[in-house]
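**Student:** Below is a structure I'd like to ask you about.
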Amino acid sequence: MSSKIKAIITGATGMVGEGVLHDDVEQVLVINRKSCGVTHPKLLEIIHADFYDLAAIKNQLSGYNACFFCLGVSSAGMKEADYYKLTNVLTMHVATTLSQQNQEMVFCYVSGMGTDSTEKGRIM
């Protein structure tokens, strides 16, 4: 694999995702539910509705060495089971799929303010 960064970004239309979308890397693949509205020669975009089922785009996910996983939601007003599914289950599914396609990939989970790695905080 190339020593230059070839990154996959999810959630590029959100606040955090827009912050990591830089054009100073070899190639960026953005996977979104809607277009990020950015065009650049180094940017490829896949519009994909169901991140729980990546089978239709799996063959397009190889050859990358980094992923900035920026999908996320606020826990405000959510039931814990729904929040867990969107933050843990979905993240692990995407990470597993990408690692099977790219054994040397670095997967960076980008989270928002108020997260608590101890899992003992009062906010989900």
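**Student:** Going by average Cβ neighbours within 10 Å, how do the peptides 39-45, 90-96 rank, with the highest at the top?
**Tutor:** 90-96, 39-45
**Student:** Another question about this same structure. Name the residues whose placed amide hydrogens come within less than 5 Å of the amide hydrogen of Glu45, ignoring near sequence neighbours (fewer than 5 apart) on the same chain.
**Tutor:** Val30
**Student:** Something else now. Diagonalise the Cα gyration tensor of region 39-92 and give the resulting equivalent ellipsoid semi-axes, square root of 5 times each eigenvalue, largest first, whole Å.
**Tutor:** 26, 13, 11
**Student:** Quick check for me: using +1 on Lys/Arg Cβ and -1 on Asp/Glu Cβ, what's the dipole size of region 6-109 about its Cα centre, in debye to the nearest 20?
**Tutor:** For region 6-109, the charge dipole is close to 180 debye.
**Student:** Let me ask something additional. For region 6-109, just the Cα atoms, rotate onto the principal axes and tell me the three extents in Å, largest first.
**Tutor:** Sorted from largest, the Cα extents of region 6-109 read 41, 28, 22 Å.
**Student:** Quick check: pseudo-label points 7 Å beyond the Cα along Cα→Cβ at Ala81 and Asp50, how many nm apart are they?
**Tutor:** 2.0 nm
**Student:** If the reach is capped at under 22 angstrom between alpha carbons, list the lysines near Lys120, excluding any in the same chain fewer than eight residues apart.
**Tutor:** Reachable lysines: Lys79, Lys85.
Rule-based calculations on the coordinates, nothing more; no lab input. Small disclaimer: the values here were computed from a predicted structure and weren't measured. So basically every Cβ, Gly included, is an ideal-geometry build from the backbone, and we count neighbours across all protein chains shown.
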